[in-house]
1. What Kirkwood hydrodynamic radius do you get for the range 65-110 when you take the inverse of the mean 1/r over all pairs of distinct Cα atoms, in Å?
2. Put a dot 7 Å past each Cα toward the Cβ at Glu261 and Val167; how far apart are the dots in nm?
3. Starting from 0 in steps of 10 Å, tell me what percent of the Cα-Cα pairs of the range 49-132 lands in each bin.
4. What number comes out for the charge environment of Cys88, summing +1 per Lys or Arg and -1 per Asp or Glu over other residues with Cβ under 11 Å away?
5. Treating the Cα atoms of the range 39-189 as identical point scatterers in vacuum, please give the log10 of the normalised Debye intensity I(q)/I(0) at q = 0.09, 0.13, 0.19 Å⁻¹, two decimals.
6. I need the peptides 81-90, 59-68 ranked by packing, meaning the mean over residues of other C-beta atoms within 10 angstrom, with the highest value on top.
7. Once you put a point 7 Å from the Cα of Trp154 and another 7 Å from the Cα of Thr183, both along the Cβ direction, what distance in nm separates them?
8. Say R0 is 25 Å: what FRET efficiency, to the nearest 0.05, do Glu81 and Ile114 get from their beta-carbon distance?
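Quick note: the coordinates plus some simple rules give every number you see, no bench work behind them. Note that the structure is predicted; figures quoted are calculated from it, not measured. Every residue, glycine as well, gets a Cβ built from its backbone with ideal geometry; the counts of neighbours run over all protein chains shown.
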Amino acid sequence: MLVAVAALLLAGAPRGYADDCPAGGPHDYEITVVVPATDDTDGLEHLVCSKCGDSFYRTVPATGHEWSAWYVDTPATCTSEGIEARVCAKHPQNVHYEYRAIPPLSPSGEHRFIEVSRVDSTCTEDGMVLYACSICGESHSEVLSALGHDWGDWETARESTEAEPGVERHACGRCGATEERETPPLAQVDVPKPDEPADSAPPPPDEGGKTPWYATEFFTAGPTRTDAVIVGSGLVVCVVVGGLSVPLAMQVAWLRRKQAEVRRTQGARYAAEHAVVDVARSGEGGEAS
């Protein structure tokens with residue numbers, strides 16, 4: 001404990017300070033510090049007159065802090081309190097801090113998010129929306145999933161032929177992207193040479209004065225092979241195929257090819273002068289109808 005001794009010569013003071021020392025004259029007090037005063041708490045002193053022995057205790061007021069200005073130690077947010085601090089500069093070797101709370105920025109204690117930017121999603125790429133709090137500035141983002149293509153129906157872009165496959169195409173109604181796929185080539189048709197005999201052919205029918213011309217065509221429908229036989233010189237004008245286990249689309253395609261072939265090689269007049277023969281036969285050795 002620190003002891004401070006001082007001589008006090010005080011006139012007109014309360015008890016112990018007046019000049020009524022029995023030994024004559026004013027008291028001559030020696031001061032002993034019992035409890036030192038600090039910045040926060042009062043101290044206590046003991047006074048004893050060296051002449052007459054009169055003594056008493058007195059309180060020494062707290063010295064008080066020399067506070068700095070308040071500064072933000074932890075910023076407040078919309079959802080949590082912050083902290084302010086200040087420091088006493090009186091005792092650098094024993095720094096003393098004082099703290100106090102900062103209320104949340106949002107009266108409701110919640111963020112107030114608003115949309116600040118947006119990148120829309122496409123058929124193939126994700127989009128994103130960015131939100132920020134209008135009070136504290138905190139932000140977060142939200143991913144917008146890719147939409148996927150909105151494909152339309154498949155449409156024919158190129159017809160199949162015997163030589164090459166066809167092409168079908170469909171388009172996305174949202175972004176315009178396209179996709180293509182192949183369709184199989186048409187079945188090839190074998191036609192015998194003009195000098196090859198058609199032994200299994202039926203006799204030429206009477207076609208009202210027109211000369212019937214025939215050729216042999218083979219169709220394959222699943223595991224069953226069915227042939228339409230038209231005989232004569234081996235040149236084909238046109239054939240209406242009936243009674244065969246062949247898909248209608250294949251029949252029509254075959255007929256169109258033969259019509260085009262005759263027109264290309266013989267001319268339209270040649271085709272018009274010859275008969276249309278309807279022949280159906282199933283299996284080898286059958287008879288035409």
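1. When all Cα pairs of the range 65-110 are included, the Kirkwood radius is 11.5 Å.
2. 2.7
3. 14, 19, 17, 16, 13, 9, 6, 3, 2, 1, 0
4. -2
5. At q = 0.09, 0.13, 0.19 Å⁻¹ the computed log10 ratios are -0.68, -0.89, -1.12.
6. By packing density, highest mean first, the sequence is 81-90, 59-68.
7. The modelled label-to-label distance comes out at 0.9 nm.
8. That gives a FRET efficiency of 0.60.
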